[in-house]
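Input: a single structure, listed below in structure tokens.
The values are calculated or read from the model by the stated rules, or taken from the named source; none is laboratory data. Model, not experiment: these values are computed from the prediction. Virtual Cβ from ideal backbone geometry, glycine too; neighbours counted across all protein chains shown. Side chains are part of the model used for accessible areas, which takes the heavy atoms of the whole protein and leaves out ligands, DNA and RNA. Shrake-Rupley method; radii C 1.70, N 1.55, O 1.52, S 1.80 Å.
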Amino acid sequence: MNTFKAILTFTVQAVLTFVVLCCIYMLLALFDSSFGLDGLVGLAFIQPVFAVLFSLLTLVVCGIAGLPVRLCGKIRRWWISRIYISLAGVACGWMLLVLSVMPAFMETKSADGGPLTEAVSQTPHPVLAVSGWLLTAFFLLHLFPPPGTLFNDER
């Protein structure tokens, strides 16, 4: 029964994280879109494929990075008993993602890659966006139900 609960918990965590990451990716792609015909075609057909690929890759990387949380009993019990760490990590990741699209932090680029001219575009700040993406992914993937609940009887 414990193996079933562990697999079910991991499945729920992975699906939730995957859906959230795909939504975040599409929102960031929307902020980066030029909204011409080619931009809309790319946003509708190409970007969802990249959203799925980057979300899956991030899940694998964060899953490997969090193996000690899942496999070591002492670390797992410590992590589960301190759910606020995961919640704070998710909140920090979301704050970084929001900051990355704030006008004060967005990067300004010219359309042709040369010196700034009249045709400029603003894109989300890459360092803030990637940091927020990874923090959100890691802490959401390793957000366990509180101890004593139906899916987590570890105390």
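In this structure, is CYS92 farther than 14 Å from PHE144 by Cα, part of a helix (DSSP H, G or I), modelled with pLDDT of 90 or more and open to solvent by less than 40 Å² (accessible area, probe 1.4 Å)?
no
Could you tell me whether any residue of the range 77-85 is open to solvent by less than 60 Å² (accessible area, probe 1.4 Å) and part of a loop (DSSP other than H, G, I, E, B)?
Within the range 77-85 (the criterion being open to solvent by less than 60 Å² (accessible area, probe 1.4 Å) and part of a loop (DSSP other than H, G, I, E, B)), the answer is no, since none of the residues qualifies.
Let me spell it out: the conditions are (1) at pLDDT 90 or above; (2) in contact with a His (Cβ under 8 Å, 6 or more places away or on another chain), and GLU107 meets all of them except one. Which number is the exception?
It fails just one condition, (1).
How many of the residues making up the range 115-125 are of a type outside the set (Gly, Ala, Ser) and either open to solvent by 60 Å² or more (accessible area, probe 1.4 Å) or modelled with pLDDT under 70 (or both)? Before the answer, list the steps.
Step one: of the range 115-125, the residues of a type outside the set (Gly, Ala, Ser) are 115-118, 120, 122-125.
Then drop every residue that is not either open to solvent by 60 Å² or more (accessible area, probe 1.4 Å) or modelled with pLDDT under 70 (or both), which leaves 115-118, 120, 122.
Qualifying residue count for the region: 6.
I'd like the full set of residues that are surrounded by 14 or more Cβ atoms within 10 Å (Cβ to Cβ) and assigned to a helix (DSSP H, G or I), limited to the range 96-112.
Those that are surrounded by 14 or more Cβ atoms within 10 Å (Cβ to Cβ) and assigned to a helix (DSSP H, G or I): LEU96, LEU97, LEU99, SER100.
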